[in-house]
1. Work out how much length residue 40 to residue 14 would gain on full extension: take 0.36 nm times their residue separation and subtract the Cα-Cα distance, in nm to one decimal.
2. Want the number for residue 60 to residue 3: 0.36 nm per residue separation, take away the alpha-carbon distance, what's left?
Amino acid sequence: MIRMKKPNANPPEQGVSGHINRVIADVQRKSADYLNQKTAGWSVFKLKIVLILFCLLTGNLILFITGKAILAANGPPKIFKEKLHQTPLIGPVLKEPPKVDTGSKNQH
């Protein structure tokens with residue numbers, strides 16, 4: 001019978017990835033401590049209002065970004081397609097470009 005070695009539950013953090021993990025964890029801990037100090041005196045009601053406002057703001061932002069991505073993937077709405085594909089009228093519309101005589105054919 002072949003016995004498989006159990007994977008280590010907590011692999012040792014080595015190299016660059018371990019350093020990045022430690023830096024991120026330190027920044028996260030410092031941010032959490034800072035926010036805890038600033039909100040220590042707030043009432044439960046105020047904390048709930050701030051949480052609701054944060055959720056509404058981020059939710060609307062996510063909906064906006066998702067909507068823009070869906071519209072960009074499908075192109076502009078049909079009402080704008082007609083206007084986008086019209087040629088702008090800057091000057092007189094010529095059916096064919098004017099002929100320019102370079103003088104190479106008819107030299108005297």
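Taken together, the values in this text are just the output of simple stated rules run on the coordinates, not laboratory data. Not measured: the values here are computed from a predicted model.
1. Full extension of this stretch gives 5.7 nm more.
2. Taking 0.36 nm per residue and subtracting the Cα distance, the gain is 15.3 nm.
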